[in-house]
Amino acid sequence: MRVIAGSARGRQLLAPKNHRVRPTADRVKEALFSILVSRLGDFSGMRVLDVFAGTGNLGIEALSRGAESALFIDSHRESAELIRKNLEATRLTDRAKVVVQDAAAAVRWLSRGEPAFHLVFLDPPYAEGHTQRLLELLSTSPFIDAGTTVVAEFSAKEDVPTRFGRLVESERRVYGDTALSFLTLSDRGEPCP
């Protein structure tokens, strides 16, 4: 696992020794960031939220590419320590904050006054129902606005809807057993299917 582009390009990131964390594979990460670059262009000035951050792989890639700041959320202290070590190794600590908290509780906490994020990564454990629950929460969060892109990563075998209130999938890509869903706010609020 390595940083693909930007100031920390080529740096290896630490991965956990156990299988509790499943980092995004380099091939999927390359495809994801290629899509994001074509959609969003430059990452400079972006505020990034990385939920179920694990190793910090996705948020660190965004920081390396020029994102202004990144907030990493993970409920496990071991993961938080791993993220901190990876931030130190990539010299990106000064633009990052790591919070040890349950994802749903963190989203509710952030909803109390956090300004909008430009990019949100959601990479929960596969097939545990977290993806749908968190997307429903995010769809009503004040820190998601018309300029926010949400990227959810989940098992291609999971039946994840394409709409969560006003949060609507614009594109889904499948890479082996991994699906990537790109969601933005729509003007039309409709219930989840």
Report those strands (runs of 3 or more DSSP E) wholly inside the range 79-167 carrying at least 3 residues which are more than 21 Å from I60 (Cβ to Cβ) and modelled with pLDDT under 95. none
Of the residues that make up the range 96-113, is at least one closer than 24 Å to S38 by Cα and not charged (D, E, K, R)? no
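So that you can scan it fast, the table gives a plain yes or no per residue for (1) among the aliphatic types (A, V, I, L, M); (2) in contact (Cβ under 8 Å) with a residue 12 or more places away in the chain:
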position	(1), (2)
I60	yes, yes
H76	no, yes
L82	yes, yes
T90	no, yes
A105	yes, no
W109	no, no
Qualifying residues in the range 26-77 (those that are assigned to a helix (DSSP H, G or I) and among the polar types (S, T, N, Q)) - the one nearest to P16 (Cα to Cα): N57
Among the candidates T184, T131, T148, single out the residue that is surrounded by 14 or more Cβ atoms within 10 Å (Cβ to Cβ) and either within 19 Å of S34 (Cβ to Cβ) or among the hydrophobic types (A, V, I, L, M, F, W, C) (or both). T184
Is at least one residue of the range 105-116 within 14 Å of the chain's Cα centre (by Cα) and on the phi < 0 side of the Ramachandran plot? yes
Hits in the range 41-75 (condition: out of contact with any Lys or Arg (no Cβ under 7 Å at 6 or more places or on another chain) and open to solvent by 60 Å² or more (accessible area, probe 1.4 Å)): D42, S44, S75
So which pairs qualify, if the first residue must be in the range 1-17 and open to solvent by 40 Å² or more (accessible area, probe 1.4 Å), the second must be part of a loop (DSSP other than H, G, I, E, B) and aromatic (F, W, Y), the Cβ gap must be under 9 Å, and the two must be at least 6 apart or on different chains? G6/F43
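The values are calculated or read from the model by the stated rules, or taken from the named source; none is laboratory data. Given the structure is predicted, the values throughout are model-derived calculations rather than measurements. Glycine gets a Cβ as well: all are built from the backbone with ideal geometry, and neighbour counts include every protein chain shown. In case anyone asks, the SASA skips ligands and DNA or RNA and just uses the protein heavy atoms, side chains included. Shrake-Rupley method; radii C 1.70, N 1.55, O 1.52, S 1.80 Å.
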